[in-house]
Amino acid sequence: MIVCITAKGGTLDSEFDNRFGRGAFFIFYDTETKNYEAVKNPNVDAAGGAGTKSAQLVSLKGAKILISGHLGSNADTAIKAAGIEFKPETGGTIKEIILRHFK
């Protein structure tokens with residue numbers, strides 16, 4: 001299963017980024033293979049609609065779960081419409097978050 005986690009950097013040692021639509025990176029982690037892909041968020045500097053555009057990217061990458069901080073109302077609607085489960089998180093490294101949620 002593919003999980004998307006918002007991060008401040010592109011590695012598993014990166015700190016969690018509480019922002020969704022304007023977070024620096026998305027870490028797409030495969031819970032079965034333990035492999036990951038880091039994708040720099042192209043919507044960081046979007047004039048508007050960053051949350052909705054980011055939700056579309058997460059969906060296109062096949063994520064079934066999104067781990068992030070607070071979602072704006074449009075991002076929340078888009079994530080729900082895509083059938084992606086949202087799990088709120090508050091901090092730590094990406095590796096720590098993976099261990100907390102997917103032992």
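Considering (1) modelled with pLDDT under 95; (2) over 13 Å from the mean Cα position of the chain (by Cα), say which one Leu71 fails and leave the rest.
(2)
Among helices (runs of 4 or more DSSP H) lying entirely in the chain, which contain 2 or more residues that are surrounded by fewer than 21 Cβ atoms within 10 Å (Cβ to Cβ), among the aromatic types (Phe, Trp, Tyr) and in contact with a helix residue (DSSP H, G or I) (Cβ under 6 Å, 6 or more places away or on another chain)? Step through it out loud before you land on a result.
Working: elements: 50-60, 73-81, 94-101.
Filter on the chain gives an empty set.
In the range 85-103, how many are among the hydrophobic types (A, V, I, L, M, F, W, C) and in contact (Cβ under 8 Å) with a residue 60 or more places away in the chain? Outline the logic, then answer.
Residues of the range 85-103 that are among the hydrophobic types (A, V, I, L, M, F, W, C), as a first pass: 86, 94, 97-99, 102.
Imposing the further condition that a residue be in contact (Cβ under 8 Å) with a residue 60 or more places away in the chain reduces the set to 94, 97-98, 102.
Number satisfying all stated conditions: 4.
Being among the hydroxyl-bearing types (Ser, Thr, Tyr) and touching a residue at least 12 places away in the same chain (Cβ under 8 Å) narrows it down to one of Ser14, Ser73, so name that one. Steps first, please.
Working: Ser73 fails: touching a residue at least 12 places away in the same chain (Cβ under 8 Å).
Checking each option against the conditions leaves just Ser14.
Among the residues of the range 27-38, is there at least one that is of a type outside the set (Phe, Trp, Tyr), touching a residue at least 60 places away in the same chain (Cβ under 8 Å), touching a strand residue (DSSP E or B) at 6+ places or on another chain (Cβ under 7 Å) and over 17 Å from Gly92 (Cβ atoms)? Walk me through it before giving the result.
Within the range 27-38, the subset of a type outside the set (Phe, Trp, Tyr) is 27, 30-35, 37-38.
Checking the rest, the ones that are also touching a residue at least 60 places away in the same chain (Cβ under 8 Å) come to 27, 31.
Next cut, touching a strand residue (DSSP E or B) at 6+ places or on another chain (Cβ under 7 Å) only: 27, 31.
Remaining after also requiring over 17 Å from Gly92 (Cβ atoms): 31.
Checked the range 27-38: at least one residue is of a type outside the set (Phe, Trp, Tyr), touching a residue at least 60 places away in the same chain (Cβ under 8 Å), touching a strand residue (DSSP E or B) at 6+ places or on another chain (Cβ under 7 Å) and over 17 Å from Gly92 (Cβ atoms).
The values are calculated or read from the model by the stated rules, or taken from the named source; none is laboratory data. Since this is a predicted model, take the numbers as computed values, not measurements. Glycine also receives a Cβ, built like all others from the backbone with ideal geometry; neighbour counts cover every protein chain displayed.
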